[in-house]
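Input: a single structure, listed below in structure tokens.
The values are calculated or read from the model by the stated rules, or taken from the named source; none is laboratory data. What you see is a predicted model, and the numbers here were worked out from it, not measured in a lab. All Cβ positions, even for glycine, are placed from backbone atoms using ideal geometry, and neighbour counts span all protein chains on display.
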Amino acid sequence: MTDVPERGVGYVPALAHKDPRSGFVALQQRLRHARVFHDHLADYMAAQCEAEEAYIKHLQKAAKRFGDPAHIPVEYRPVYACLVDHFGQLAQLHTVFARQLQRQHDMLHTAPAHGAWSALPRHDEGMAPSIRELQSLESQLAKDQRKLEQKRTPAAQSKLAATQEALSRAQAAWQSRAPMALQAYEAADLERLTMLRDAAMHLAKGQSELARGLYDMARTTAQAAKAFDPRADMARFVGVQHMPHGIALPSEYMDASHRPQAAPTAIETPPLVGPREARPMPPPAPTAIETPPVPQAPPPQAPPQAPPAPPHEPPASLPAERPSAPPSAPRSAHLSFMPPDDAAEMTRIREQLRQHARPSSSRRREFRASSYDVSEHAHHPIVSPIIGSPFTSPMTEAWHESTPPSVPEREAAPAPVPIDVGVYERIHAVWRHGLLDQVRVVGEVRVAAPRRVRAVLRLAGDAHAQIHPAAGVTCTAPHVYELDVGDDMCALEYEVPLDQGDQVVPLLLQTQWRCEAQQSSVLVTHRPNPAVPPVVTAALQDVSFRISLPSDAHVTGGVMSEPIGDWDPATHTLSWHAHALEGRSAVRFPLATQGSPQDVHASWRLPAYTMSPLDVHVEAAGTPLAVAPMQRMTLAGRYQVVS
């Protein structure tokens with residue numbers, strides 16, 4: 001948005017002292033031509049919208065022609081499903097784009113009836129008599145001069161002097177009234193040119209979103225096509241599946257008489273692999289906390305090849321004295337550490353973590369030790385990064401020993417229970433009159449385990465924090481809490497008092513409002529807080545802003561913003577995303593009446609960091625625990641500039 005009085009090009013000083021026919025009348029002609037071009041550009045948007053609607057109808061008709069074909073290869077069905085789904089996805093993407101084109105058409109077509117442009121007819125009516133008077137006096141002055149040249153009489157001289165005096169008064173009146181009208185024309189001219197620029201930018205934004213959707217569709221189809229194996233479909237056709245032992249599968253196309261005869265034998269013959277031998281009713285394998293059965297002698301009649309081992313003996317393919325791998329609980333119990341409104345964000349983070357292969361039990365101790373060392377070097381008194389756990393399972397250590405442990409040692413080392421800990425914080429910051437007026441940091445500690453287990457939470461870092469334990473959590477000592485951990489639960493809620501709140505606010509805000517008779521504009525300045533470490537402010541993500549107008553505010557035209565935002569006329573709310581952590585945003589609201597400054601809300605998220613000095617340590621209260629690296633997240637709470 002551009003502010004006319006501060007960044008004007010000077011229509012008033014350039015045209016107020018010129019002849020009205022060479023200045024004001026030319027400006028009127030310019031705006032009349034602008035109306036014609038606005039209608040032309042609106043027709044361009046309408047033509048594109050009609051093309052999009054025709055394409056959407058074609059896609060809808062084409063989608064009905066392609067269903068589930070009869071002769072599609074079985075393995076190719078996922079690929080074909082992606083291709084058929086393209087019709088619906090394309091129709092949805094182009095429908096959104098067509099709606100954007102329709103909105104741009106309506107805005108351009110009705111632009112002369114809104115905003116500063118709509119006030120020009122009133123100025124034209126006020127200036128028309130002055131222009132006609134000036135033109136009449138100028139013509140009369142020319143006639144009087146010709147008469148004086150023909151007859152130099154006192155009457156002709158007095159007539160000429162009277163005409164010159166009347167013309168001087170009319171010019172003085174014009175120069176006193178012209179600045180107001182010229183300012184109105186300057187504002188309208190700037191408004192309509194800005195609207196032309198924004199129309200092209202909105203069109204480019206819609207095209208980029210359409211291209212992004214097409215790219216996502218193409219990527220999905222490429223992944224499905226890459227997963228298609230032609231040989232697998234050929235194997236399905238002949239009834240042989242590529243498996244390690246050549247096990248035959250029934251064919252979907254061949255008759256039973258043409259199927260391989262070796263299929264039943266291959267299924268009945270067990271593979272010669274110890275741990276995977278097929279035997280009737282095998283007893284469950286002994287775990288780390290169970291006592292294995294007493295060894296028994298093998299049966300006297302054993303097959304000559306690959307005799308099945310007794311249930312209490314180790315498989316023949318493995319050393320008899322080697323201990324079994326330490327059992328571990330499944331890690332499917334990773335639960336959200338966020339309240340319901342932030343659960344989706346944490347779910348996405350967990351899915352990213354699951355994409356990486358989980359370290360084996362032989363490397364888990366080294367991995368945790370290294371992560372613990374890094375966290376010690378990266379600790380900051382105010383900002384706490386992700387802290388790894390130095391916990392090492394005794395079963396893991398026993399797995400690497402050269403001497404096999406005895407049976408009592410295996411019984412005395414139960415499997416550790418995995419437990420997850422998450423710390424979630426919100427920062428509430430309020431600015432009043434350009435100063436940071438209020439800062440609060442509230443948070444909660446959430447824990448989760450696959451089964452119920454007793455644990456101890458120790459808090460460190462801030463002895464003055466107000467702790468509120470949840471139901472079932474017992475305070476055994478100052479800042480020491482004991483609880484039964486099960487499914488995802490909120491163990492503690494806390495609020496940290498801050499003596500210097502400006503040192504924990506990662507993003508600084510400042511607003512400047514300008515409210516006029518027919519519009520309100522605001523300039524929002526945001527920048528990282530230099531008191532916060534740069535590594536923390538660089539991790540800020542999804543910085544966005546929101547301004548809501550009163551429900552009774554009447555917006556007369558298109559709301560303009562830089563960067564371009566999304567205006568919701570139903571809620572009178574404008575929201576936009578910042579392109580960088582440091583920058584400025586300008587917004588202009590065309591209003592029917594005088595507006596007033598409104599609150600500016602900001603939102604952001606800071607993964608992997610918490611801003612309070614509070615730290616959490618988890619200890620076992622009986623059953624060994626495998627504490628996962630702590631997950632941290634900070635979000636903006638009531639983060640706003642109050643007007």
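Summary table below
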| read-out | value |
| --- | --- |
| Residues of the stretch 450-482 satisfying the condition of being more than 33 Å from the chain's Cα centre (by Cα), outside any strand (DSSP E or B) and small (Gly, Ala, Ser) | ALA463, ALA471, GLY472 |
| Flag for PRO534 being under 23 Å from the mean Cα position of the chain (by Cα) and closer than 22 Å to LYS205 by Cβ | no |
| Boolean, GLU209 is part of a helix (DSSP H, G or I), over 30 Å from LEU93 (Cβ atoms) and in the same structural domain as ARG99 (by TED's automatic domain parsing) | no |
| SER596 being modelled with pLDDT of 90 or more, of a type outside the set (A, V, I, L, M) and farther than 17 Å from THR525 by Cα | yes |
| Residue satisfying condition, being surrounded by fewer than 12 Cβ atoms within 10 Å (Cβ to Cβ), out of contact with any Gly (no Cβ under 8 Å at 6 or more places or on another chain) and modelled with pLDDT of 75 or more, within set SER208, SER257 | SER208 |
| Total residues in the stretch 499-514, condition of a type outside the set (Asp, Glu) and out of contact with any strand residue (DSSP E or B) (no Cβ under 8 Å at 6 or more places or on another chain) | 2 |
| Selected residue (only one of LEU196, LEU160, LEU167 is under 30 Å from HIS40 (Cα atoms) and not assigned by TED's automatic domain parsing to the domain that holds GLY565) | LEU196 |
| Residue among SER561, SER551 that is under 20 Å from the mean Cα position of the chain (by Cα) and closer than 23 Å to ALA113 by Cα | SER561 |
| The stretch 223-233: number of residues that are part of a helix (DSSP H, G or I) and surrounded by 12 or more Cβ atoms within 10 Å (Cβ to Cβ) | 5 |
| Count of the stretch 523-538 residues which are of a type in the set (A, V, I, L, M, F, W, C) and surrounded by 17 or more Cβ atoms within 10 Å (Cβ to Cβ) | 3 |
| Any hit, the stretch 511-525, residues being out of contact with any helix residue (DSSP H, G or I) (no Cβ under 7 Å at 6 or more places or on another chain), at positive phi and among the charged types (D, E, K, R) | no |
| Condition broken by LEU90, with the remaining ones in (1) in contact (Cβ under 8 Å) with a residue 40 or more places away in the chain; (2) surrounded by fewer than 18 Cβ atoms within 10 Å (Cβ to Cβ); (3) over 30 Å from HIS38 (Cβ atoms) satisfied | (2) |
| Some residue of the stretch 143-162 being in a helix (DSSP H, G or I) and under 29 Å from ARG30 (Cβ atoms) | no |
| Residue in the stretch 590-598 that is β-branched (Val, Ile, Thr) and crowded, with 22+ Cβ neighbours inside 10 Å present | no |
| Residues being surrounded by 12 or more Cβ atoms within 10 Å (Cβ to Cβ) and farther than 20 Å from VAL96 by Cβ - total across the stretch 43-65 | 1 |
| Meets criteria (modelled with pLDDT of 90 or more and either in the same structural domain as GLU186 (by TED's automatic domain parsing) or closer than 30 Å to LEU167 by Cα (or both)) for LEU90 | yes |
| Single match in ASP198, ASP216 (criterion: touching a residue at least 24 places away in the same chain (Cβ under 8 Å) and either touching a Gly at 6+ places or on another chain (Cβ under 6 Å) or acidic (Asp, Glu) (or both)) | ASP198 |
| Qualifying residue in the stretch 74-82 (condition: over 35 Å from the mean Cα position of the chain (by Cα), outside the structural domain of ALA592 (by TED's automatic domain parsing) and closer than 30 Å to THR220 by Cβ) | yes |
| The lone exception for LEU606 - which of (1) touching a helix residue (DSSP H, G or I) at 6+ places or on another chain (Cβ under 9 Å); (2) part of a strand (DSSP E or B); (3) more than 27 Å from GLY443 (Cα to Cα) it fails | (3) |
